[in-house]
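So the structure is just underneath, and the comments pick up after that.
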Amino acid sequence: PPGAGATVSPASEGCPPGDGGSMRCQVSVLYFARSAELAGLRCESLWVPRQVTSLQLWEEIVKVHPRLAVIRDQVVFAVRQEYVLLGDQLLVLQPGDEVAIIPPISGG
């Protein structure tokens, strides 16, 4: 029946349903170690702005998983398997891009 659930568009379409074509895309977010514990999952797809700084991208993810805020000063992203520090570096994301959240890993 109408309204019985959310419509899921394939990531290849690039724009979320009802978004009016604004510049957002769906990316795969992968959580590792402590970030996976805090988020409660290892991966998911999120709609985020296509052009966004790494810090703004972090803030988008924290909106969905507020518990991640505690590791903000320790986390590093890997976007398309390249490390990115949180800051004002501009990222231009494409639908289906992979964003990994990599907290510090202690060894011994």
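So in the stretch 24-36, with the set limited to residues that are open to solvent by less than 50 Å² (accessible area, probe 1.4 Å) and in a strand (DSSP E or B), which one is farthest from P103 (Cα to Cα)?
That would be C25.
Within the stretch 82-108, which residues are closer than 16 Å to E37 by Cα, open to solvent by 80 Å² or more (accessible area, probe 1.4 Å) and among the hydrophobic types (A, V, I, L, M, F, W, C)? Full working, then the answer.
The first filter runs over the stretch 82-108 and keeps only residues closer than 16 Å to E37 by Cα, leaving 100-106.
If we keep only those that are open to solvent by 80 Å² or more (accessible area, probe 1.4 Å) as well, we get 105-106.
Hit for the stretch 82-108 is I105, nothing else.
When only residues in the stretch 37-81 that are free of Cβ contacts under 8 Å to residues at least 12 places away in the same chain and open to solvent by less than 80 Å² (accessible area, probe 1.4 Å) count, which is nearest to the chain's Cα centre (by Cα)?
Taking the stretch 37-81 as the starting set, the residues that turn out to be free of Cβ contacts under 8 Å to residues at least 12 places away in the same chain are 37, 41, 56, 59, 62-63, 66, 69, 73.
Applying the additional criterion that residues be open to solvent by less than 80 Å² (accessible area, probe 1.4 Å) yields 41, 62, 69.
On the way: L41: 13, V62: 9, A69: 14 Å.
Checked the stretch 37-81; the qualifying residue nearest to the chain's Cα centre (by Cα) is V62.
The values are calculated or read from the model by the stated rules, or taken from the named source; none is laboratory data. Quick caveat: nothing in here was measured; it's all calculated off a predicted structure. Positions of Cβ are generated from backbone atoms using ideal geometry, with glycine treated the same way; all protein chains shown enter the neighbour counts. Remember, those area values only see protein heavy atoms, side chains included, never the ligands or the DNA or RNA. Shrake-Rupley method; radii C 1.70, N 1.55, O 1.52, S 1.80 Å.
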